[in-house]
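Here's the structure we're looking at; comments come further down.
The values are calculated or read from the model by the stated rules, or taken from the named source; none is laboratory data. Small disclaimer: the values here were computed from a predicted structure and weren't measured. Cβ placement follows ideal geometry from the backbone for every residue including glycine, while neighbour counts extend to all protein chains displayed.
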Amino acid sequence: MVRVQSWPEAVAVRSEFPDAVPVAGGTDVMVAIKLRNLRPEVLLDLSRIPGSDRYRVGPDTVRLGPRVCHTAVAELLGPHLPGLALAARSVGSRQVRNRGTIGGSLGTASAAGDVHPALLAAGADIELSSVRGARWVPADGFYGHRGGTALAADELITGVRVPRAAGPQRFQKIGLRLGLVKALCSFAIALDRDGRRVRAALGAYGAAPVRARAAERLLEESGALGTARPLPAALVTEFGRLAATSATPVEGGGVGADYRRRAVSVLAARNLVQVWDTFLAKGHHGHHRDGQRQAP
Ligand SMILES: Cc1cc2nc3c(=O)[nH]c(=O)nc-3n(C[C@H](O)[C@H](O)[C@H](O)COP(=O)(O)OP(=O)(O)OC[C@H]3O[C@@H](n4cnc5c(N)ncnc54)[C@H](O)[C@@H]3O)c2cc1C
């Protein structure tokens, strides 16, 4: 086990030993070692890097250190990052949330990980650092097939930057029971301040977490956003149907692809209605950034 005290030290070790396995909270790594799925020669312990478990709320974004745990996101960041806070709250048990971190979730990048659709819907960026320097990668470009990521062999995740919510956000997952189960599918949605732009994403559906771009486009082109009216039922249903076309659903977790397709359609439609109701109830509608009221 190599214990490092700073990020420069951590990336130097990473560069020297590309096979070293970084450990943040260990809820994935330690389980994999115990199950003998992983036999690392070197563990790179990130837990002593000062500030790596801190977050900073700025005027437009929240910057999270990679070792910010899910409990902190769920309990402290709800007012700024409501979608991510809902996702963090749905991770495992309290013990898992206390130890499990945002950087660890990104390192594992499981298609079923709860935080990923919320990060995609919020438009997060991920900081990847190595001895060569640091770069920011949008969540949209981070996830690859079946746990693959944009992370190079010599890089570490050193930060996550999430725009503060300007409008309502939702996250919901379906599981066989409420606690301690992998999602059978999950869905996140975020509206902007004017209710004119929407971002939505799916988890536990395809081989990687994915944006629901066709469903987003349908809404934005429908002319229904930005009005003060409930969304037409046919539009909501079509939104759900298109969300299910965002990826080819996987089999697994005791359910088949057809189940996932139907479940995600329902989840997407339901969360769209809820986010829109919140938007209308808060009286955002008809206001532009300059505070002018739009003609009905
Ligand atoms: C009982 C149980 C229930 C769970 N339930 C859920 C659930 O409901 N929803 C859910 O989403 N997840 C769940 N998980 C999975 C797990 O808790 C999450 O993936 C967690 O957030 C991982 O964080 P960690 O800090 O413990 O990661 P670790 O185990 O420390 O690391 C995970 C991976 O990320 C890599 N890594 C860690 N930090 C970095 C870094 N800075 N740079 C690069 N790579 C890094 C590690 O090398 C490893 O590959 C559960 C796990 C357990 C054991």
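Here are a few things to note about the model shown:
- Residue match in the range 6-18 (condition: within 22 Å of the chain's Cα centre (by Cα), of a type outside the set (D, E, K, R), in the same structural domain as Arg99 (by TED's automatic domain parsing) and closer than 17 Å to Glu127 by Cβ): no
- Restricted to helices (runs of 4 or more DSSP H) entirely inside the range 6-120, those with at least 2 residues that are within 12 Å of the ligand (Cβ to nearest atom) and within 17 Å of Gly147 (Cβ to Cβ) are 29-34, 102-108.
- When every residue of the range 103-110 is checked against the conditions, none turns out to be over 20 Å from Arg211 (Cα atoms), surrounded by fewer than 17 Cβ atoms within 10 Å (Cβ to Cβ) and of a type in the set (Gly, Ala, Ser).
- Flag for Leu156 being near the ligand (Cβ under 10 Å from one of its atoms), assigned by TED's automatic domain parsing to the domain that holds Tyr55, closer than 26 Å to Gly92 by Cβ and at pLDDT 95 or above: yes
- Which numbered condition Tyr143 misses (of (1) under 30 Å from Glu9 (Cα atoms); (2) away from the ligand (no atom under 12 Å from the Cβ); (3) surrounded by fewer than 18 Cβ atoms within 10 Å (Cβ to Cβ)): (3)
- Of all residues in the range 239-263, those satisfying the criterion of being of a type in the set (Val, Ile, Thr) and over 17 Å from Gly175 (Cβ atoms) are Thr245, Thr248.
This table checks each residue for (1) without any contact (Cβ under 8 Å) to a residue 40 or more places away in the chain; (2) in a strand (DSSP E or B).
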residue: Ile126; (1), (2): yes, yes
residue: Ala134; (1), (2): yes, yes
residue: Asp140; (1), (2): no, no
residue: Ile157; (1), (2): no, yes
residue: Val160; (1), (2): no, yes
residue: Ala166; (1), (2): yes, no
residue: Gln172; (1), (2): no, yes
residue: Leu176; (1), (2): no, no
residue: Ser186; (1), (2): no, yes
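- Here Ile126 clears all of (1) within 12 Å of the ligand (Cβ to nearest atom); (2) touching a His at 6+ places or on another chain (Cβ under 7 Å) except the condition numbered (2).
- Residue check, Arg63 within 15 Å of the chain's Cα centre (by Cα) and under 28 Å from Arg197 (Cβ atoms): yes
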